[in-house]
Ligand SMILES: [Zn+2]
Ligand SMILES: [Zn+2]
């Protein structure tokens, strides 16, 4: 489980927040290490880590920031640059959660979530999967 496609960076290296340029700290959960900004509490996920963490019970605890602390309107108008490979990132939307926007790197597949967004991303998915289970049982 060490060779994930697109994940080429040295995990021990500290990165800077793509949004506010503050240092990010390492936060480990369930064998996955993500980076959390010391200033704005935004979260950086390497390739697909957000999807793997989303499915782990209790993983919302890595997201300690308050949602709305950084409103979408407060986003800089220029694109954020990937803290790993410095490529300009694109704004992504989860098709199940059109209100939720996050930045993603098209080269290394890393993703940046503002404080509170990962909890939002995860909660919605849990509700959806329970709904699917319920529907499945009715058949
Ligand atoms: Zn930050
Ligand atoms: Zn990148």
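Length available on full extension from residue 38 to residue 99: 0.36 nm per residue minus the Cα-Cα distance, which gives 19.4 nm. Gain on full extension, evaluated as 0.36 nm per residue between residue 135 and residue 92 minus their Cα-Cα distance, stands at 12.6 nm. Placing R0 at 30 angstrom, the Cβ-Cβ distance between residue 55 and residue 13 gives a FRET efficiency of 0.65 after rounding to 0.05.
For residue 127 and residue 21, compute 0.36 nm times the residue count separating them, minus their Cα-Cα distance, and round to one decimal in nm.
Numbers: separation 106, 0.36 × 106 = 38.16 nm, distance 3.41 nm.
Result for the pair: 34.7 nm of gain on full extension.
How fast does the range 24-138 diffuse by Stokes-Einstein, in µm²/s, taking the Kirkwood radius from C-alpha pairs at 37 °C and 0.692 mPa s? It comes out at roughly 222 µm²/s.
Read the figures in this text as sums done on the coordinates, not as results from a lab. All values reported here derive from a predicted model rather than from experimental measurement. Cβ: placed from backbone, ideal geometry, glycine included. Neighbour counts: every protein chain shown.
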